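Read the figures in this text as sums done on the coordinates, not as results from a lab. The shown structure was predicted, so the numbers you read here are calculated from the model rather than taken from an experiment. Cβ coordinates were reconstructed from backbone atoms using ideal geometry, including for glycine residues, and neighbour counts include every protein chain displayed.
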Amino acid sequence: MSTYQWRKSSYSADAGNCVNVAATDDGIAIRESDEPEAILTTTPAALRAFIRGTKAGRLDHVSPKGPPQRTT
């Protein structure tokens with residue numbers, strides 16, 4: 001388990017399915033409260049781009065099968 005200072009949104013209240021974030025020496029650590037051993041790390045710029053892209057709808061059509069193939 002890490003010694004990061006984890007934070008969660010005040011909107012999460014006492015729900016057990018929260019995303020926690022922490023500042024690291026190299027950037028940002030992210031984990032899901034249901035599985036705290038699985039920690040993702042990223043940079044502030046990459047996280048900002050991900051959030052902006054998500055808000056803009058760029059991930060609305062993501063499929064487990066991958067992007068649709070073009071036919072010509």
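Based on other C-beta atoms within 10 Å, arrange 42, 3 from fewest to most.
3, 42
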With label points set 7 Å from each Cα along the Cα-to-Cβ direction at residue 45 and residue 13, the distance between them in nm comes to 4.0 nm
For residue 65 and residue 22, compute 0.36 nm times the residue count separating them, minus their Cα-Cα distance, and round to one decimal in nm.
-> 12.3 nm
Which of 11, 4 comes first, and how do the rest follow, when ranked by fewest Cβ neighbours within 10 Å?
-> 11, 4
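Using a Förster distance of 25 Å, how high is the FRET efficiency between residue 5 and residue 52, based on the Cβ-Cβ distance and rounded to 0.05?
About 0.50, to the nearest 0.05.
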Can you pull the three principal axis extents for the Cα set of region 7-55, in Å, largest first?
-> 29, 25, 15
Which of the peptides 26-34, 45-53 is most tightly packed, and how do the rest follow, going by the mean number of other Cβ atoms within 10 Å of each residue?
-> 26-34, 45-53
